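The next block holds one structure in the form of C-alpha cells; read it before the comments.
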Amino acid sequence: MAYKKIAQDFLNKSNISIGDLVKVEKGEIQYNGILLDRSEDAEDNHIVLKIDNGYNIGLNISNAKIELIKKGSKPEIKYDNVEIVNDPEKDNILIISTGGTVSSIIDYKTGAVHPVFTASDLLKANSELLDLANIDVKALYNILSENMKPEYWVNTAKSIADEINNGVDGVVVAHGTDTMHYTSAALSFMLESPVPIVITGAQRSSDRPSTDAFLNLMNSVGAAKSNIAEVTVCMHGTLDDVYCDLHRGTKVRKMHTSRRDTFRSIDNEPIARFKNGELSSINTNNYTKRNSKELKLSDNLESKVAIIKTFPGITEELINYHVDKGYKGLLIEGTGLGHIPDYMLNAIKRANEENIAIVMTSQCIYGTLNMNVYSTGRKLLNAGVISGGDMTPETAYVKLCWALGQSENLNDVTNIITTNIAGELNEKSSLKYFLN
Amino acid sequence: MDWDDLGLKMGLEIHQQLNTETKLFCPCATELIDERFDNEIKRGLRPTQSELGQIDRAAFQESMRKLKFNYEAYNHRTCLVETDDEPPHDLNEEALDLAITIASLLNMHIIDEVHTMRKQVIDGSNTGGFQRTSLVATDGYLETPQGKVAIENLCLEEDACRRIATENDFTHFRLDRLGIPLVEITTDPSIHHPEQVKEVAYVLGQILRSTNVKRGLGTIRQDLNISIAKGSRVELKGVQNLDLIPEMVELEVQRQLNLLNIQEELKSRDARVLDDIHDLDEIFKNTSSKILSTAQSIKGIVLKGFKGLVGLEIQKGRRFGTELSSYAKKREVSGIFHTDELPAYGISQEETESMRSYLNADEDDTIVIVAHDEDIAISALEEVIRRANMAFDGVPEETRKALEDGTSEFMRPLPTANRMYLETDIPLFKIDKNKIINIRNNLPELPEEKKNRIIDEYSLSEDLAKQLVKKLHADEFEIIMKEIDVDSTLVASFLAYNLREIKREGIVIKHINPKDLIATFKLLSAEKISKDAITDIIKEIAINKEAIEQQFNEKENGFIKYVDKDIDNNIDPEQIAKSLDLLLLGENDVENIIIEIVNNNSSMIKEREMGAIGPLMGISMKKLKGKADGKLVNKILKEEIKKLLN
C-alpha cells in the first residue's frame, strides 16, 4: 500500500484497508465508497475513494471521520483461459514479451493496469491474431524500455535463438518504444536468422480503446510469417490505423515523442508495408530471404562503451574522463560531416594511444559522414577516429559494443565498423532517404 | 394525469460548454471551425474483450466493423492531443475555476482533490475511446419558485468530437469540438411535476449564463431522466426546447403506461416469443413487393398471442412495432414488417395467409419479417426477439433520443456500471482552500439581482433592464455608461433592440465591442452626430470589421494572406461618420444652406409669409439629412424668413 504516515495511521485506527467499503464524514456531508490505493508520489494527508457513480475523489483527512461499512478484499484479476488449438496448416509464431505497453488489461474496480503475461491473456485481448498463425507467447522481461541494458539484449538474442532452434517460423518481440531501435540494432548484429525477427510496441497504452498495439501486433505477426528474414521494426506508418511500415533494424529510429508513426527509416526506405496482417507492398528486393541463412548467434558484447555528443563549449574532460574510467569504446556524435573542435584532438590522440576505439557519427541524424572535406576531419582520421558512415549514432553505438565483443584488436574493430554486417551501411545516398 | 399517483420522478442532467481561452487538456482554442479541414485521420477503436463479456467472435467482429472513424483535423487549429497521440497537458485551471464558481452558485461542496477519470466511450466521438471527466463538487441545492431542488453532482469534462456524417464504412468526426470544457450538472431524481422540471432547467440556465459560459445553439444540452413507479428509468437525451418539457414528460409517461398495459395483456393471453428464425424466400419468390423482391433473403419470426399489440399506438405516431423496429435498426436494416399491418407494402393477402400456414401461426399471432442480406436479417430479428421478450417485463431501461415533436426514439440501453478508471497521464489536482474562498468572494451577480441593481443605478425601465439581462448585454451596458455621458435609456435600448435589428439585416455584429460603442456615443455627446446616425455608424463598423476578418481568413496557395488584424486600431467611428456624411454641420454651414433655400423660394415666402415654414422645414431637413439638429434648423429658418419679409 502506498499510503504514507498520516493517512496510514488514520486508516489503521479504524482498521481499514484497501478495497473496504467505507463512509467518510466531513462536516455536514458524507461520502460512501471503496477505499483505493494512492499513487506513491501523491501528497500525504489524503485518501482516495471510488464512490458509487464510478468517480475517484481525493479526501483530505483532517477533520474527517471514517467508518467501515463492509470489509472488502483487495481486488484481484483472474481471467478464464482461452483454449488454443494449434492448426497444423498455420505458421508457428512466437511472441516474446520484454515489457512495454503491448498488452495490458485494466481493472475497472481499482483502475490498475495489469501487464499481460500469458499467451492466453494476450490472445484474449487480441484474438484475431489466431486467424493469422499459431501463436505462443513467452514473457522474458517486464521492464520499461529505458531500463534496457546490453545484458538484456544478450538474453533476448539467446531466447530467440533457442526458439528458432525449436522450429518457430517467425518471432515477434514486444518491446517498449523508447529504446526499441537500440535493441533492433543489437539483435541485427548478434543474430543471423533463417526466419523473420520482428520488433514491435505501442505508443498509446493498450488499456485504451484507441491503442496502436493491436494494429502493430497484427502486422508484426504478418511480417513474422513473411519472407523477410531480417531483424526489423514494425510500427504504424502514418497517424492512421491503416498500415505498418517494416523498417530494417539497423536503419530505424524513434523520431517523435508521441506520434504513432514515430519510427522512421533513416538513410533508407522501409523494406515493406503490411496491412491487415499481410504484405501489402514492398520497396526493395534487397533483403535477406527466408531460409537463406543458417542460425548463428554471436552474443559477445562489450558494455563499457559511451556516447559523447559534441557541442560548442565541450572540453577535453569528457573524453579524458572515459579514458580514465577504463572505457573500451567511444561513440562520438560529431557535427555536420563528422567533426569535433580541433582543441579536442590531443584528448582523442591519447584515447587512441590507450587502445580505445573511437567511432564518429553525425548529430545531423541524416546523411553520411565525410571526414576528408575539412582539415579537422582529416586530423581526426589521422588520430585514429573511425568513420561511422551513414549509421545512426544509436546503431553505431550498438555496433561498437558488438565489434569490441568480437575482438579487442583495434584493426579488427575498425574493419568490423566499416564493413556492412546487417544493412547498417549504405554506400549510396538516395534522394528518397530523407524525412520519409 | 395524476403525477403523484403515478409516482412520477424526474431528474435533469445539463451539459454546458465553458467559454475558456483554451481546451481542457490542450492549448487549442475553444471555437468550432467551419472551414475545410486540412487532414483526415483514419482510426479504429477496440473494445477490450472483457467489456463484451464472453468471447463471441462474431459479435466482436461485428462491433469492430462499425468502429471505423475519420477524424477531420486542422494543421494549426487542432493538435496532437486531440488526435490521441500526444498525452494530455495539465488540467485547464481557468475551466476548473469556472466549475468551482458554478458549483458555488449552486451551494455545492467542492471535492478536496480532483481526480481526472477516463469514461469509456467507443462510438468514436472521443479519439482515445474515453471521455475525460472529473467530479468537482457534490451536495448542493437550487431554489426554484416551486421549492428547493437538490443538485447531486457537478463534473468537469471534455466535450466530444462533432459528428459530421455517417457513411457505410466510416463515421466522420471533426476534432474542433473535442476537448472544449463542459460542466455536467445533475439534479437528484426527486422532481415530481413536469412544470417544475422546466422551471429547474430555466433557472439553471440563467445561473449558468451569469458566468463565463458559451452561448448559442448546441452549447447547452439537457437530458431528462423519467420514471413512474411501475415503469423504469428512461433517459431522454438532447432536449432542445424547454417549453416542450411538460409535453415530453406526458408523452413518456403515456408510453410507459401503454407498455405496462401490453405487459399485462401479454400475460393474460399467455403469449410467447418463439426463438426460431424462419426462411421465407420460397413464399415470396413471386412477390410483387419491391422491397421483398430485391432483398437477398427474407426471414421471419412468430410472436405467439401478440396479435394487435404490435400495431398498438403507444405514443403519438409510434406503435409497439416502432419499438421493435428501432432495435432491429441497430443492425442496419431500414425496418420490419409485421402482420398487424399486413397486407400492405405490396405484400398480398395470399402471401400473408400462406406465411401463416407455413409458420403454423394462427390468427392470434403476429409474424415479423425482415428482408435484407441473410446475416443482417438474422441479427435484426434476434434484436426483435430480444425486445419482444422485454415486453413481458414492462418498460426497459433505455437511453432515448428526444425528438422535436416531444416523442422519443430508442438509442441504446442505459449504461450499467460506469466503466471509469483513473487518467494516469494527469496529476491529481488538490484544490486550495484559498482558491475556493477567493472564488466565493467574487461570485458573479445572479440575473435577478443584476436586473434590480441596474434599474436603481441607471433609472432604467423594468422592461429595458430585463431585456439587457436576458440578452446578456448588461455588462456591456455598464462598461459603456462608465465612459460616457449619454442618456442611459438611449444606450440601453440601442443594446437591447437596435443591435438586434442590425443583426436581422444579416450583418455580422460579433466584432462590435464596447470600445466601438463608447467611441460612437462619444460623438453624440460631443454633438458631432445626431442620435439617428448611431445605428448607421455601428452598421458600417460591423461591415468593415467583418471584411477585414474575411480577408484575414482568406488563403492563397495554402498560406494565410498577411493582413493587419488589429481591427480596432484601424477603425475610427468619426471617420466612418464622415465617410457616410453623417457628421453634424456647424451653425454657419447650416445657416448658409438655409439662406440658399430661403432665397430659392422667395416668391413662395412672399405669398404665404410665415406659413411657408412648414414646407421649407421639410425641404431643409431633407437637404440636411440628419446632419443638423431640427430645433436649430427651425430657429434659423424662422429668422431668415423674417429677414426676407422685412
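The values are calculated or read from the model by the stated rules, or taken from the named source; none is laboratory data. Because the structure is predicted, anything quoted here is derived from the model rather than measured. Using ideal geometry, Cβ is built from the backbone for each residue, glycine included, and neighbour counts are taken over all protein chains shown. Accessible surface areas use protein heavy atoms only, side chains included; no ligands, DNA or RNA. Shrake-Rupley method; radii C 1.70, N 1.55, O 1.52, S 1.80 Å.
Observations on the structure shown:
- The sole residue among A:188, A:220 that is closer than 17 Å to residue A:95 by Cβ, outside any strand (DSSP E or B), away from chain B (no Cβ under 14 Å) and under 17 Å from the mean Cα position of the chain (by Cα) is A:220.
- Candidates A:368, A:361, A:395: the one that is among the hydroxyl-bearing types (Ser, Thr, Tyr), outside the structural domain of residue A:189 (by TED's automatic domain parsing), part of a strand (DSSP E or B) and closer than 21 Å to residue A:188 by Cβ is A:361.
- Selection count, the stretch B:17-45, where residues are farther than 14 Å from residue B:95 by Cα, in contact (Cβ under 8 Å) with a residue 40 or more places away in the chain and assigned to a loop (DSSP other than H, G, I, E, B): 6
- In the stretch A:264-287, the qualifying residues are those that are in a loop (DSSP other than H, G, I, E, B), open to solvent by 30 Å² or more (accessible area, probe 1.4 Å) and more than 26 Å from residue B:86 (Cα to Cα), and the one that is nearest to the other protein chains (Cβ to nearest Cβ) is A:283.
- Some residue of the stretch B:391-399 being surrounded by 15 or more Cβ atoms within 10 Å (Cβ to Cβ), more than 14 Å from chain A (Cβ to nearest Cβ) and in a strand (DSSP E or B): yes
- Residues that are open to solvent by 10 Å² or more (accessible area, probe 1.4 Å) and in contact with a helix residue (DSSP H, G or I) (Cβ under 9 Å, 6 or more places away or on another chain) within the stretch A:161-175 comprise A:168, A:169, listed in sequence order.
- Test: residue in the stretch B:555-572 that is modelled with pLDDT under 85, open to solvent by 70 Å² or more (accessible area, probe 1.4 Å) and touching a helix residue (DSSP H, G or I) at 6+ places or on another chain (Cβ under 6 Å): yes
- Scanning the stretch A:2-55 for residues that are more than 39 Å from the chain's Cα centre (by Cα), part of a strand (DSSP E or B) and either within 10 Å of chain B (Cβ to nearest Cβ) or without any contact (Cβ under 8 Å) to a residue 24 or more places away in the chain (or both) returns A:26, A:29, A:30, A:31.
- Qualifying residue in the stretch A:240-247 (condition: assigned by TED's automatic domain parsing to the domain that holds residue A:265, surrounded by fewer than 24 Cβ atoms within 10 Å (Cβ to Cβ), of a type in the set (D, E, K, R) and touching a strand residue (DSSP E or B) at 6+ places or on another chain (Cβ under 8 Å)): yes
- Of the listed requirements (1) small (Gly, Ala, Ser); (2) within 13 Å of another protein chain (Cβ to nearest Cβ); (3) out of contact with any helix residue (DSSP H, G or I) (no Cβ under 8 Å at 6 or more places or on another chain), residue B:95 misses just one: (2).
- Among the residues making up the stretch A:236-254, those that are in a loop (DSSP other than H, G, I, E, B) and either hydroxyl-bearing (Ser, Thr, Tyr) or within 13 Å of chain B (Cβ to nearest Cβ) (or both) are A:237, A:238, A:239, A:240, A:241, A:242, A:250.
- Exclusive hit being surrounded by fewer than 17 Cβ atoms within 10 Å (Cβ to Cβ), in the same structural domain as residue B:42 (by TED's automatic domain parsing) and within 23 Å of the chain's Cα centre (by Cα), set B:163, B:221: B:163
Okay, residues lined up against (1) open to solvent by less than 20 Å² (accessible area, probe 1.4 Å); (2) of a type in the set (Phe, Trp, Tyr); (3) within 30 Å of residue B:439 (Cα to Cα):
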residue	(1), (2), (3)
B:204	yes, no, yes
B:226	yes, no, no
B:229	no, no, no
B:238	no, no, no
B:244	no, no, no
B:251	yes, no, no
B:276	no, no, no
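- Applying the condition of being modelled with pLDDT under 95 and more than 11 Å from chain A (Cβ to nearest Cβ) to the stretch B:115-140 and asking which residue is farthest from residue B:78 (Cα to Cα) yields B:131.
- Listed by position, the helices (runs of 4 or more DSSP H) enclosed by the stretch B:247-366 include none that has at least 3 residues that are β-branched (Val, Ile, Thr) and either more than 30 Å from residue B:195 (Cα to Cα) or touching a residue at least 24 places away in the same chain (Cβ under 8 Å) (or both).
- Scan the stretch B:599-646 for residues that are part of a helix (DSSP H, G or I), open to solvent by 70 Å² or more (accessible area, probe 1.4 Å) and within 25 Å of residue B:586 (Cβ to Cβ) and the total you get is 11.
- Test: residue in the stretch B:101-111 that is in contact (Cβ under 8 Å) with a residue 24 or more places away in the chain, under 29 Å from residue A:213 (Cβ atoms) and within 9 Å of another protein chain (Cβ to nearest Cβ): no
- Pairing residues of the stretch B:412-423 that are at the interface with chain A (Cβ under 7 Å from one of its Cβ atoms) and under 22 Å from residue A:58 (Cβ atoms) with residues that are in a strand (DSSP E or B) and modelled with pLDDT under 75, at Cβ distances under 9 Å and at least 6 apart in sequence or on separate chains, gives B:419/A:106; B:421/A:106; B:421/A:113.
- Condition met for residue A:261 (in contact with a Lys or Arg (Cβ under 7 Å, 6 or more places away or on another chain), part of a loop (DSSP other than H, G, I, E, B) and either among the hydrophobic types (A, V, I, L, M, F, W, C) or not assigned by TED's automatic domain parsing to the domain that holds residue A:395 (or both)): no
- Meets criteria (assigned by TED's automatic domain parsing to the domain that holds residue A:355 and of a type in the set (D, E, K, R)) for residue A:316: yes
- Screening the candidates A:343, A:374 for the property of being open to solvent by 60 Å² or more (accessible area, probe 1.4 Å), in contact with a strand residue (DSSP E or B) (Cβ under 9 Å, 6 or more places away or on another chain), of a type in the set (Phe, Trp, Tyr) and free of Cβ contacts under 8 Å to residues at least 40 places away in the same chain yields one hit, A:374.
- Residue within the stretch B:148-160 that is facing another protein chain (nearest Cβ under 10 Å), surrounded by fewer than 23 Cβ atoms within 10 Å (Cβ to Cβ), farther than 30 Å from residue B:447 by Cβ and in contact with a Ser or Thr (Cβ under 8 Å, 6 or more places away or on another chain) present: no
- Tabulated pairs, the stretch A:157-179, first part of a helix (DSSP H, G or I), second surrounded by 18 or more Cβ atoms within 10 Å (Cβ to Cβ) and of a type in the set (Gly, Ala, Ser), C-beta under 7 angstrom, 6+ apart or interchain: A:164/A:193
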